[in-house]
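Data block below; observations after.
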Amino acid sequence: MPGTRFDHVADDYDAGRPSYPDEFFEAIEEITGPLAGRLVLDGGAGTGIASRQLSARGARVAGYDIAERMLRRARARSPELSFVLADGSMLPFRDGCADLACFAQSWHWLDQERASRELARVLRPGGHWAAWWNHAAADGEEWFAAYQDAKESACPLYRRSQANMDWSLEAIARSGLFEPGGSIVVPWTRTVAAQDWITDERSKSYVNAIPPADREQLLSEVARIVGQRFPDGVMTVPYCTKAWIARRR
């Protein structure tokens, strides 16, 4: 079975990654219509964070991922939901079956041109594609600048500019099979224990790409920065969830 760099951090991913605010899904529904009763394909479902929230709004969810251990965790957490091991470029779903194909924190991992064509196949005409990401948005705060500096210094694959995902509509638009539907921005505030923030950091791909000793040194430095700013161990951090949406022609 295929795996990914996330399989060995599935526990940290499940424990540390934040979910999405209710207001975000309300904004999605203003464009796509109510999710209740709709078939939603959750691409790169991971441990099922978005899948559970979509299901809670009444959607019929089918999640898929190439990471076997991540999906095992999703199934253990949500045995009532459907999850399948699958590549986003070769989906095991019939033509025109889905109302929404979404990608929470995952669209950037796909071959977007191949995936765009495959999504056009499985979406009904008028169905929607949506890709979204959570980002900490404490720009201008001294601790946050130090935290970003530490990650950029330690992680060759990390740049703070990665928070800009405006490119995400490009492949969809190039396919000629979708009408770009714009973007949604929902600001919110995350309250999180400092130790859970570190767990979240440990689950990130660019952190796991560096040697173990360097990784632990970075996480210790992040813990120091966070501890100075939030000495009671409870962090209150501005966040933003941003989505890009397109409609199947």
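Brief remarks on what is shown
- Alpha-carbon centroids, segment 64-81 and segment 2-25: separation in whole Å: 11
- Other residues lying with their Cβ under 13 Å from the Cβ of residue 162 contribute a combined charge of +3, Lys and Arg counting +1, Asp and Glu -1.
- Residue order for 128, 8, 108, 135 - accessible surface, 1.4 angstrom probe, largest first: 8, 108, 135, 128
- Neighbours of residue 97, meaning other residues whose beta-carbon lies under 15 angstrom from its beta-carbon, give a summed charge of +2 when Lys and Arg score +1 and Asp and Glu score -1.
- 12 Å tail of the calculated P(r), segment 35-75, as % of Cα pairs: 50
- Within the chain, the ratio Rg/Rh, alpha carbon atoms throughout and Rh by Kirkwood, equals 0.97.
- Taking every alpha-carbon pair under 8 Å whose residues sit at least 6 apart, the chain reaches a relative contact order of 24 percent.
- Across every pair of non-identical alpha carbons in segment 99-175, the mean reciprocal distance, once inverted, gives a Kirkwood radius of 14.6 Å.
- For segment 1-119, the gyration tensor built on C-alpha atoms gives an oblate shape. Its axis ratio a/c (a ≥ b ≥ c) is at least 1.5, and a/b is not larger than b/c.
- Other residues lying with their Cβ under 11 Å from the Cβ of residue 176 contribute a combined charge of +2, Lys and Arg counting +1, Asp and Glu -1.
- Rolling a 1.4 Å probe over the heavy atoms of the protein chains gives the chain an accessible area of 45 Å² per residue.
The values are calculated or read from the model by the stated rules, or taken from the named source; none is laboratory data. Treat the numbers as computed from the prediction; the structure is a model and nothing was measured. So basically every Cβ, Gly included, is an ideal-geometry build from the backbone, and we count neighbours across all protein chains shown. SASA here: full protein model, heavy atoms, side chains in, ligands and nucleic acids out. Shrake-Rupley method; radii C 1.70, N 1.55, O 1.52, S 1.80 Å.
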